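The values are calculated or read from the model by the stated rules, or taken from the named source; none is laboratory data. Bear in mind the structure is a predicted one, so any value in this text is a computation, not a measurement. Here Cβ is always computed from backbone atoms with ideal geometry, including for glycine, and neighbour counts include all displayed protein chains.
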Amino acid sequence: MGILDKKLSLRHRNKMLIGVWEDEDQLVAAASELVHAGVHIHDIYTPYPVHGLDRIIGARRSKLARIAFFCAIIGFTLMTTMIWYMSVHDWPMNIGNKPVRFTPSWAPVMFEGTVLCTAFGMSFFFFWRNRLVHGIKNETLDIRQTDDRLIVAIETVPGMDEKSILNMMKNGGAIEMREFENGVQTVI
Amino acid sequence: MIHDSILRDRLVTGDKSASDVTRDIARPILNNPTTSWKIGFTMSLIFLGVFGVSLLYTLWTGIGVWNINKSVMWGWDITNFVFWVGIGHAGTLISAVLLLFRQKWRMSINRSAEAMTIFAVICAAMFPVFHMGRVWVGYWALPLPNAFGSLWVNFNSPLLWDVFAISTYFSVSLLFWYIGLIPDIATIRDKVKSKLGKKMYGFFSMGWTGSTRTWARYELVSLILAGLSTPLVLSVHTIVSTDFATSLVPGWHTTIFPPYFVAGAIFSGFGMVATLLVVARKVMNYENYITIGHLDAMTRIIMVTGSIVGIAYLTEFFIAWYSGNVYEQYAFANRAFGPYWWAYWSMMSCNLIAPQVFWLKWARTTPWFIFIMSIVVNVGMWFERFVIIVTSLHRDYLPSSWVMYSGSLTEIGLFLGTFGIFFTCFFLFAKFLPVINMSEIKSILRNRE
C-alpha cells in the first residue's frame, strides 16, 4: 500500500451517482441505509466533520497515532545523540564543575526536539496520505461542498441497479441527484 | 440518540444556518476593507514605523542607547520578551487544552487566539535577539560547530533551552494554526471571485475537498497536535521562568516560578484575547458567534488564573520570610516598600485585586467593562515582569553597585513598536483569513448533547 490514499482521487473512476443533502441527520440515516442495502459509497464530502460517517462508509482506522509515536522516537534519539555528541564526545566543557554526561538539564532540549519532530513528521504524513499538496488540481464535485451541502458519491459497477439507488437517495432526503462521468455532471 | 440540548445555552445565537456562517465570517475577506479596518491598519503601520526607527537607531548606534547597565542588564527588553511570550500562551491553551477538555465554546475564539499566539511570539523573539547587540552573529545561539565562531552551545543553560523552546513553540503553533485553517481556506477558495484570490486560496487549501476519510484523519491529527501542544505550552513558560529561577539572584531563585509563570501567561493571554475579541465582535458584527457566554467563560478563566498568580505573589513573600535568608527577605521588602513600590503595587492591584470583580455576573457579561479590565490585566502583567526583573537586579549584593533604572526613549519606542507588529499582522489576518473557524462552528450549530 502506498502512502497516498488513492481513494481520494476522482480521476480514472467509473460513472458516479451524486446525491446532495442539506440535513446531516438525514444524510447519516440515508448513508447507513444505502450501505446496509449493499451499496458501496465511494466517499461523502462535507463542509464540516460529521461524526460516524467514516465508519458507515467503511473507512479504516487511521494509523496516524502510530506514525506520531514513531516520529517521537526518531526525534528523541536525534536530540539525545546530538547533545551527547556535542557536550560529551566532541568538546566536553567544564561549566561550574557540573557533570557533562546525561544530566537532567538535557531534558528541555530533548523534549522540545521530540515534540518538533513528532508534530512535523506526523503532519507531513497526514498531508501526503490525504493528497493535500500545494498547488494540486482541485477535485470538488460541487462548489457548495465546502459551504453548506453534503455530497454523497457512489461509484457505479456493472449490473448495479441505479434506479433503486436513486430512489433510496431521494427517499433519504437528497435534494438533488446527478450523474458524474468523465468530468461532466448531468442532473437527473 | 442525538437530540438538542435543553441544558446548555446555544453556542451560536441568531438561528444561523451553515451558509449564514460562511456568509457572515467570509464577509470581510470577500468585500472591500471597511473604514474602521483602514483606520486601525494605518494606526498599526504608524506604530510599526516607530518600531523600525527605534530598531534602526539601536542597530546603528548599539544597545548603549538603551538604559540597561552593569547591574540592571535586563530591563525593558526582557520584560517585554516575557510579556509577549506570556500573551502567546492563551492561543495554545484555547486551541489545545480546551480541545482536550472538549470545551466547545473554544470554537468561536480559537482561530484568532492562535493567530495572536503566532504574532505575539514574533514580537517576543525580537527582544532577546536584539539584546544580543551584534545581532548578525545571532546564529551562534544555534548548535553549530566551532568553525562558525563559538564552541558548541551549552545545553545546561536555560537561555539555550529558550532558543529551542521558543522556536519549537512558534513552529508547532504555526503548523497547528495552518492545519486548522485548511478547510476554511478551501471554503474561501470556492467563494472568492478574483483570479488572484482563487489562485492564492487554491494554493494554500492544498486541494481540500472535505472528504469523510480526510475529515476523520484531520480530527485525529488535530487531537494529537493538541496533545503535543499542551505539554509544549507548559514547557515554554516553564523554561522562560528558569531563565530566572536557575540563577542565584534573590527574588529569582525560587522553585515556585514555573507554575507561577504559566498561570501568569494564561492570565495575560486571556487578557489580550478579551481585548481583541470584545472589539472584533462589535466591529465585525460577530456578536452571534462570540456571545456574552464566551466572554463570561473567558473572564472566569481570567479570574481563576489571576487568583493563582495572586497566591503566588503572597507565597513568595511568605517563603522569603520563612527561609530566614536575609538577602531574600531584603529583595522582597525592597520590592514592596523600596524605590519601585509603585510598580509593585500597580502589579498587585491590577493582577490580584482587580480581577476579583469578575465574581460579579454583571462584570462578566458587560463587554465595555471587560475591555477595560483586559487592558488593566495586561498593564498589570507587564508590571509583574518589570518588578521581577528590575527590582531584583537594581540592588546588587554590593551597595556600591546599586542603581536606578528606567527605560530610554528607544526602549519605549521598541515596546510600543511591537504593538505595531502585532496589530499589523492581526489586521492583515482579519482581512485575508477567516477570524472564526467556520467548519467547526458549522458542526455546533445544532446544540447537541
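Here are the numbers for this structure:
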quantity	calculated
In the stretch A:126-161, the residues that are loosely packed, with under 14 Cβ neighbours inside 10 Å and not in a helix (DSSP H, G or I)	A:133, A:134, A:135, A:137, A:157, A:158, A:159, A:161
Residue satisfying all of: in the stretch A:108-125; touching a Ser or Thr at 6+ places or on another chain (Cβ under 9 Å) and of a type in the set (Phe, Trp, Tyr); surrounded by the fewest Cβ atoms within 10 Å (Cβ to Cβ) among these	A:120
Helices (runs of 4 or more DSSP H) contained in the stretch B:153-267 and holding at least 1 residues among the hydrophobic types (A, V, I, L, M, F, W, C) and within 30 Å of residue A:97 (Cβ to Cβ)	B:158-189, B:212-245
Among (1) within 14 Å of chain A (Cβ to nearest Cβ); (2) touching a Gly at 6+ places or on another chain (Cβ under 9 Å) - the single one residue B:118 does not satisfy	(1)
Matching option when the condition is within 14 Å of chain A (Cβ to nearest Cβ) and out of contact with any Ser or Thr (no Cβ under 6 Å at 6 or more places or on another chain), among B:246, B:305	B:246
Top-ranked residue of the stretch A:45-72 - restricted to ones that are facing chain B (nearest Cβ under 7 Å) and not aliphatic (A, V, I, L, M), ranked as farthest from residue B:17 (Cα to Cα)	A:62
Residue that is farthest from the other protein chains (Cβ to nearest Cβ), among those in the stretch A:86-106 that are under 18 Å from residue B:142 (Cα atoms) and assigned to a loop (DSSP other than H, G, I, E, B)	A:92
Selection count where residues are more than 30 Å from the chain's Cα centre (by Cα) and in contact (Cβ under 8 Å) with a residue 12 or more places away in the chain, scope the stretch B:209-218	2
Hits in the stretch B:274-305 - residues which are charged (D, E, K, R) and at pLDDT below 90	B:281, B:282, B:287
Flag if residue B:262 is away from chain A (no Cβ under 11 Å), surrounded by fewer than 22 Cβ atoms within 10 Å (Cβ to Cβ) and in contact (Cβ under 8 Å) with a residue 60 or more places away in the chain	no
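To keep it simple, each residue is scored yes or no on (1) of a type in the set (A, V, I, L, M, F, W, C); (2) at pLDDT below 90.
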residue	(1), (2)
B:410	no, no
B:415	yes, no
B:419	yes, no
B:435	yes, no
B:444	yes, yes
B:449	no, yes
